[in-house]
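**Student:** Below is the structure I would like to discuss, written out as structure tokens.
The values are calculated or read from the model by the stated rules, or taken from the named source; none is laboratory data. All figures in this text were calculated on a predicted structure; none of them were measured in a lab. Counting neighbours? That spans all protein chains shown, and the Cβs are built from the backbone with ideal geometry, glycine included.
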Ligand SMILES: C[S@@+](CC[C@H](N)C(=O)[O-])C[C@H]1O[C@@H](n2cnc3c(N)ncnc32)[C@H](O)[C@@H]1O
């Protein structure tokens, strides 16, 4: 059935006007919208930079010393401090937190030791897959007189070697982008957490393909050498907030709250039920 015709009066004037019935107009609008959606989808998927996973363990001597020494630099120290403040907000007001807390992927132990220093009643356990990182953390704990309250163990985050409900709080900084199976790690964090406990995870955020060059130049401006390369690789390996939301759904933490720190970091807080 034809859906358009010329109006006779108008054609006499030599200007044929095309008339279309509503159904045809709707069909046309629909097909235009469909092709717009397809084109938009192609543009959006092109803009989305594919995630490029990193090796899980930062085991090489170079990486450990680059990380440990760079971590002493002003910028990383400030970043660690903002995370430590977030960690402390999980428990009782400043200094009064007590119980056992776990740092997953503790690296050289900087964050765990800062938390231990500020909360003299806490016992802190740290775990990391890398033997070198664990040795560095143990050394730092004894050098700072915290070895009786801060323990470090070599273990994988997807098989945490502690009993169910062993910890009052679990935290992890800058580890998520290393994980091959984050859902399994989130499940393990939940398993070792007391029902009324809290989990805090913070990590880098992966920007779009267009934003990536600007992103690594701006947020990586404090790094040089091997640390700059590690940072760029980590940003490529990071998840997006949408992907993080999907991972949380897949691991039973539906009520976790996702947060953003500027554009460079994101993470989540999960609070169990209070007694
Ligand atoms: C970028 S470092 C962060 C260290 C520390 N959380 C910090 O913020 O200073 C990432 C650490 O996660 C550790 N890691 C990666 N995958 C892991 C896993 N599956 N289990 C335990 N540790 C892991 C690495 O060995 C490395 O020490």
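**Student:** Looking at residue 178 and the list (1) buried (at least 19 other Cβ atoms within 10 Å of the Cβ); (2) farther than 18 Å from residue 130 by Cβ; (3) touching a helix residue (DSSP H, G or I) at 6+ places or on another chain (Cβ under 9 Å), which single condition is not satisfied?
**Tutor:** (2)
**Student:** Right, something else. Return a yes/no flag: does the stretch 193-206 have any residue that is assigned to a helix (DSSP H, G or I) and in the same structural domain as residue 89 (by TED's automatic domain parsing).
**Tutor:** For the stretch 193-206, residues assigned to a helix (DSSP H, G or I) and in the same structural domain as residue 89 (by TED's automatic domain parsing): absent.
**Student:** Then there is this: In the stretch 229-275, how many are in a strand (DSSP E or B) and at pLDDT 90 or above?
**Tutor:** So the count comes out to 11.
**Student:** While we're looking at this one, here's another question. Among the residues of the stretch 232-275, how many are touching a residue at least 12 places away in the same chain (Cβ under 8 Å), within 21 Å of residue 190 (Cβ to Cβ) and within 12 Å of the chain's Cα centre (by Cα)?
**Tutor:** Counting residues in the stretch 232-275 that are touching a residue at least 12 places away in the same chain (Cβ under 8 Å), within 21 Å of residue 190 (Cβ to Cβ) and within 12 Å of the chain's Cα centre (by Cα) gives 12.
**Student:** Could you figure out which of (1) touching a residue at least 60 places away in the same chain (Cβ under 8 Å); (2) away from the ligand (no atom under 14 Å from the Cβ); (3) assigned to a helix (DSSP H, G or I) isn't true of residue 226?
**Tutor:** (2)
**Student:** Let me ask something additional. May I ask you to list the residues in the stretch 76-120 that are at positive phi and at pLDDT 95 or above?
**Tutor:** Within the stretch 76-120, 105, 107, 109 qualify.
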